[in-house]
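What follows draws every value from the coordinates through simple rules; no lab data is involved. The structure presented is a predicted model; accordingly, all values stated were derived computationally and were not measured. Using ideal geometry, Cβ is built from the backbone for each residue, glycine included, and neighbour counts are taken over all protein chains shown.
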Amino acid sequence: MDAKGRVSIPASFRRVLEASDPNWQPGGNPELVIVYGDHRRKYLECYTMEAIDEVDAKIDALPRGSMQRKMLQRLFHGQSFPTTVDETGRLVLPAKLRNKIGLEGEAFFIAAGDTFQIWKPETYEAEELAATEEWLDELPEDFDPMQFLDGIEGA
């Protein structure tokens with residue numbers, strides 16, 4: 001991350017953003033929405049336009065006036081930042097978002113299908129890697145997590 005809060009988005013992520021933005025034209029800048037969420041979220045989650053539209057449709061399908069709908073609207077609409085990728089493939093992260101996750105210097109990106117996350121590297125290592133190791137430790141030593149892709153027999 002540079003002094004102006006710009007981070008370079010990996011090229012493969014940029015292609016996903018372009019393909020999932022119905023308004024994107026070659027040579028243009030794809031749009032996305034950064035959801036920064038509540039105080040418990042320690043990363044920024046970047047949604048493609050198609051992904052955020054899918055989330056919005058699911059929120060809109062909830063009963064009007066329901067607590068679930070109100071809370072999800074606040075978490076997604078009230079705690080998000082619509083933006084675009086610049087001409088050089090960078091994303092400008094406002095100080096509010098950088099400060100929320102304590103981002104300084106280096107940013108860690110992790111792909112998650114039609115979203116990607118931006119983490120402070122130390123936070124990711126301390127929290128997410130520890131959670132993954134804990135989860136793996138609960139499984140039998142010879143268990144291959146790839147089995148989840150095919151489902152678990154008998155389940």
- Note on the structure: In terms of the alpha carbon gyration tensor, root eigenvalues a ≥ b ≥ c, rounded if a/c is under 1.5 and otherwise prolate when a/b exceeds b/c or oblate, region 70-147 is prolate
- region 57-82 to region 1-53: how many Å between their Cα centroids? 20
- Calculated from DSSP H runs of 4 or more alone, at -39500 (n - 2.57) each and per residue, what is the 222 nm mean residue ellipticity of the chain, nearest 500? -9000 deg cm²/dmol
- Tell me, in nm to one decimal, what length is gained between residue 77 and residue 19 on full extension, where the rule is 0.36 nm per residue of separation less the Cα-Cα distance? 18.6 nm
- Taking the chain as a Gaussian network, Cα atoms linked when under 10 Å apart, which of 141, 122, 104 shows the biggest mean-square fluctuation? 141
- GNM result for the chain, Cα springs below 10 Å: residue of 143, 108, 76 fluctuating most strongly: 143
- Message: Contact order normalised by length for region 99-155, with contacts defined as Cα pairs under 8 Å and 6 or more residues apart; what percent is it?
- Response: 21
- Note on the structure: Of all trypsin sites (Lys or Arg not before Pro) in region 19-68, the ones in DSSP coil with at most 14 other Cβ atoms within 10 Å are 40, 64
- Note on the structure: Excluding residues fewer than 8 positions from residue 70 in its own chain, the lysines with Cα under 29 Å of it are 42, 58, 96, 100
- Query: Dividing the alpha-carbon radius of gyration of the chain by 2.2 N^0.38 Å (N being the number of residues), what value is obtained?
  - Reply: 1.18
- Which one of 17, 139, 62 has the biggest mean-square fluctuation once the chain is modelled by GNM with Cα springs under 10 Å? 139
- Relative contact order of the chain, pairs being alpha-carbon contacts under 8 Å that are 6 or more residues apart, as %: 28
